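Here's the structure, in C-alpha cells; my notes come after.
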Amino acid sequence: MSQQGAALQNYNNELVKCIEDLCTKRDELQRQIMTEEEEKHKIENEVRQASERLSKINENLAKKITARTEFDRTISETEAAYMKILESSQTLLNVLKRESNSLRNKVDNDPHGLNA
C-alpha cells in the first residue's frame, strides 16, 4: 500500500502543479485581455475623435465650397457687367468722335466764318 500511497501522492503533486500552471496561464491571459481591452478603448476613443474632426472638416469644406461658388458667380457677373461697360464706353467714344467730326465739318464748312 505504501507504493500506492506514493503513486497517489505523485499524482496529487502533478495534479496540483498542472492546476497551478493553468492558473498562471489564465492569469497571463487575463493580463493580456486587460491590456488589449485598454488598447481597444483607446483606439475607439481616437476613432471617435477622428470621426468628429472629419465631420467638422466636411462641414467647413461644404461652407467654403459654397462660398467659393458665390465668389465665382459674383466674379463672373462682375466681369460680364464690366465687359458691357467697356462696350458702352467704346460705343460712346465712337459716337463722340463721329459727332465731333460732324461738328468740326460744319464749322469748317460754315460760309459765315464762325471759324474766323
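Every read-out reported here was derived from the displayed coordinates using simple, explicitly stated rules and does not represent laboratory data. Predicted model only: the values in this text are computed from it and were never measured. Heads up, the Cβs are rebuilt from the backbone with ideal geometry, glycines too, and the neighbour counts pull from every protein chain shown.
In square nanometres, what is one fourth of the surface area of the convex hull spanned by the alpha carbons of the chain? Write out the running numbers ahead of the final one.
On the way: hull surface 54.5 nm².
Average projection, Cα convex hull of the chain: 13.6 nm².
Projected over all directions and averaged, the alpha-carbon convex hull of the stretch 45-92 occupies 3.1 nm².
Work through the residues other than SER102 whose Cβ is under 15 Å from its Cβ and net out their charges, Lys, Arg +1 and Asp, Glu -1.
Values: positive: LYS97, ARG98, ARG104, LYS106; negative: GLU99, ASP108, ASP110.
Local charge sum for SER102: +1.
Can you tell me the orientation of helix 2-108 relative to the chain, as the angle in degrees between its alpha-carbon axis and the longest Cα principal axis, to the nearest 10? Taking the Cα atoms of the chain, the angle to 2-108 is about 0 degrees.
What's the magnitude of the charge dipole for the chain around its Cα centre, counting Lys and Arg as +1 and Asp and Glu as -1 at the beta-carbon? Answer in Debye, nearest 20. Each step should come with its number before you reach the end.
Details: 18 positive and 21 negative charges, 160 e Å.
So the magnitude is around 760 debye.
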